[in-house]
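Asks: For reference, the structure I am asking about is given below.
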């Protein structure tokens, strides 16, 4: 479930990054890490269920299920649920917490549940607990297990020849020696361009890789040298992908700055005006950045949008 360790400043929304990736490529995620299960479900039956809010019985606060997915067994009408959590930090009682969540979900849905945790932290490297037991000398009351995917214990080299888009993203969070960071980024993007996904999915993975493999100046030089080794066509495709992502990022930054400037000058903008500004083309946005210097009221912004929106 979405949660954060106490007194920890998060600069990256890990939960959102992983939820966006896995919900977009859920079947591919199963094919990569649970191929036997993936072959036995109906791929057309995948249905994402609404978020579940639970009072946490350990910490006393409220938690939100990361992903809850209903699927059918192939050739059957029987459904079951995947409960998936993205865990960005080590937690000693994650096994107990997952059992509590399983019990609540089973109570709510009365369906079989396949629990999965993706551990995405960089350290520690020790294996996280994936079992919760209640037993006595003469009676085993309970042995609950969830499927643990601990990325920092996986070797990125084992995935470079995969044709799976989830590999292209998650290699960036696997066990990587510091000297290999530029090479891994190049391999992630090389794999990405060979998949020939649509632009939105390509940008999603490119963004994910860039988030978790931010390179310094020296690493960037090594990265460029790695691109030189992979062939002209693939290098050009990779440069197009990274340029597209950078342009999108710059565009979003420009929209954010202009919105802040408008609100400082005119006050809180109505949602309808914010939506119209969000839909402006980059050229119109640049024109608005100049025009707003002469605005004195919301009416001035309205008139400009009527004439230029």
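Asks: Select from region 273-289 the residues that are assigned to a helix (DSSP H, G or I) and closer than 13 Å to residue 259 by Cα and list them in ascending order.
Replies: Result: 273, 274, 275, 276, 277, 278, 285, 286, 288, 289.
Asks: Looking at (1) assigned to a strand (DSSP E or B); (2) within 18 Å of residue 118 (Cα to Cα); (3) without any contact (Cβ under 8 Å) to a residue 40 or more places away in the chain, find the lone condition where residue 85 falls short.
Replies: For residue 85, the exception is condition (3).
Asks: Determine which member of the set 234, 218 is free of Cβ contacts under 8 Å to residues at least 24 places away in the same chain, more than 28 Å from residue 150 (Cα to Cα) and outside the structural domain of residue 23 (by TED's automatic domain parsing).
Replies: 218
Asks: Sticking with this one: Out of the residues in region 10-56 that are under 12 Å from the mean Cα position of the chain (by Cα) and outside any helix (DSSP H, G or I), which is modelled with the lowest pLDDT?
Replies: The selected residue is 12.
Asks: Working carefully through the options 248, 235, find the one that is under 30 Å from residue 190 (Cα atoms) and either buried (at least 16 other Cβ atoms within 10 Å of the Cβ) or at pLDDT 80 or above (or both).
Replies: Among 248, 235, only 235 is under 30 Å from residue 190 (Cα atoms) and either buried (at least 16 other Cβ atoms within 10 Å of the Cβ) or at pLDDT 80 or above (or both).
Asks: Next up: Would you point out the residue of region 117-167, among those that are in the same structural domain as residue 94 (by TED's automatic domain parsing) and touching a residue at least 60 places away in the same chain (Cβ under 8 Å), that is farthest from residue 105 (Cα to Cα)?
Replies: The residue in question is 120.
Asks: Starting from residues that are part of a strand (DSSP E or B) and under 24 Å from residue 150 (Cα atoms), keep the ones in region 61-70 and report whichever is nearest to the chain's Cα centre (by Cα). Write out each step before concluding.
Replies: Residues of region 61-70 that are part of a strand (DSSP E or B), as a first pass: 62-64, 67-70.
Now drop any that are not under 24 Å from residue 150 (Cα atoms), which leaves 63-64, 67-70.
Values: 63: 18, 64: 16, 67: 11, 68: 15, 69: 16, 70: 20 Å.
Only one residue fits best here, namely 67.
Asks: Sticking with this structure for a sec: Need the failing condition index for residue 92 against (1) at pLDDT below 90; (2) within 19 Å of residue 148 (Cα to Cα); (3) assigned to a strand (DSSP E or B), just the number.
Replies: (3)
The values are calculated or read from the model by the stated rules, or taken from the named source; none is laboratory data. All values reported here derive from a predicted model rather than from experimental measurement. Here the Cβ is made from the backbone with ideal geometry for all residues, glycine too, and neighbour counts use every protein chain on show.
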